[in-house]
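Inspection log for the structure reproduced underneath, given as structure tokens.
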Amino acid sequence: MAIAAHTAPTASMPPHEKRARTVKILKNPALLIGVAALAGILFGLVVGEWAGNLAFIGSMFIRLIQMSIVPLVMASVIVATGSMTGAGAGRLAGRTFGWMLGFSAVAALLAYGLAVLIRPGVGMVYSGEVDPSLAESAAASTGWQETLLGFVSTNVVNAMSTASMIPIIVFSLLFGFALNVQIAATGNRLLLDVIDQVQQVVLTMIRYVMYLAPIGVFCLLADLAGRIGFAVVTTALSYLGTTLLGVLILMMLMVAVVAVRTGLNPALLPRHLAEQTAIAVTTTSSAVTFPTVLRNAVEKVGISQRVANFTLSVGLTMGSYGAVLNYMIVVMFLAQAGGVALSPGQIVLGMGLAILLNMGTITVPGGFPVVAMFLATSLGLPFEAVGLLIAVDWFTGIFRTFLNVNGDTFVAMLVAKATGEIDEDVYNGCATATADELNLGEYAATFEKADAQD
């Protein structure tokens, strides 16, 4: 009887409601992007290299997203830091950096353990030469001092023009804190309100651009399949398998930590993360996916605007856990392929470099070749093996970006739970929230309560 009573409303649903439900499902962004991705791959395999004629359309879509990243990140960080009050500001930053560095360290250790166990570089056959310009680029990065020095730019306008995200975030943090002090002294929030409106306008602009996502994804993957095909996967199956296994293990570990620390139902996470995951794995870019992650954090997961702005913006460049894992596997792969026995000091250095590169690499496609060459140069590993890794980097890029994007959301959930800034009703689907309508002032009482509980 209970089952019949439950199913009756569906069975008797009017035809127009059924059509409306079907249309809603067909308009689901994640579904449309997934279908477009599959269609693009099949189209590219059928027509071959001719699919390269569609590449410019995919590139145009990527550029439409990328041109919004710098103003969005700057506005998000400035609004987040400029709105902070009390001791909670320092605690928010401390929790954010603590979880990010902690997960990054776990990723490096896990990568080392898997590489020792599976030994992906042993017996691999590689051929071909590496582009000499890559070696020159890697040689230009001579040590960790230069990496840290690169976190601060002498010209923030130049950093904006080149999309150097770490210097931009450093500037935005300092600007936001200075603005916070100015507001506390004068009570004038005009500039903060203007920057907040800039953020909302950019988010709205990106929402319109995302209507083109299925077309852009189709063209990107059609071009890739037409040029490379599936044969490239088999050339480094062990390397790919090790990376994928590490990503899955770390992903499950993160979900377990989130479930234990927040008490939220982990079974709901796939539904909340589906759209951003689809964009991440098809574009292989955390930067392109960032606007969707920021919106979903508020509207689907229930994270407060304050925590989402700060944690996700910082996580864009410091929360690349998949990159840390992959970079450490690269170190071990190159050592095993070249028969190089790494000392304990070199292993620790490799882990440290992987984490530093995670914090300093621009989060757009195409940076892996220089990263791999930098690691090889720093640890005295063979350059020749890098050619094989570059050939399959699009596939490892899928794994890296999948973990990077969703890992940032997990950290934001952990930080938000600790400060009482996650709406469980929104997470459970019992209430709705819209990022454009959220007002940081409305959460002042919640912030003060969280500060008192810390």
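The values are calculated or read from the model by the stated rules, or taken from the named source; none is laboratory data. This structure is a prediction, so every number in the text was calculated from the model and none was measured. Here the Cβ positions follow ideal geometry from the backbone for every residue, glycine too, while neighbour counts run over all protein chains shown.
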| field | Flag for residue 183 being outside any loop (DSSP other than H, G, I, E, B), crowded, with 18+ Cβ neighbours inside 10 Å and either of a type in the set (Val, Ile, Thr) or at pLDDT below 70 (or both) | value | no
| query | Does residue 152 fit the bill of being modelled with pLDDT of 60 or more, loosely packed, with under 12 Cβ neighbours inside 10 Å, farther than 17 Å from residue 75 by Cβ and touching a helix residue (DSSP H, G or I) at 6+ places or on another chain (Cβ under 8 Å)? | reply | no
| request: Using the structure shown, decide if residue 243 is at pLDDT below 85, assigned to a helix (DSSP H, G or I) and crowded, with 22+ Cβ neighbours inside 10 Å. | output: no
| In region 35-51, what count of residues is obtained for those that are more than 11 Å from residue 221 (Cα to Cα) and either not aromatic (Phe, Trp, Tyr) or not in a helix (DSSP H, G or I) (or both)? | 5
| task | Can you run down the residue pairs with Cβ atoms below 9 Å, 6 or more apart or on separate chains, where the first is in region 305-324 and among the hydroxyl-bearing types (Ser, Thr, Tyr) and crowded, with 24+ Cβ neighbours inside 10 Å and the partner is at pLDDT 85 or above and not in a helix (DSSP H, G or I)? | result | 311/303
| Quick check: anything in region 53-62 part of a helix (DSSP H, G or I), among the small types (Gly, Ala, Ser) and at pLDDT below 70? | no
| task | Determine, yes or no, whether residue 288 is at pLDDT 90 or above, among the aliphatic types (A, V, I, L, M), under 24 Å from residue 62 (Cβ atoms) and crowded, with 21+ Cβ neighbours inside 10 Å. | result | no
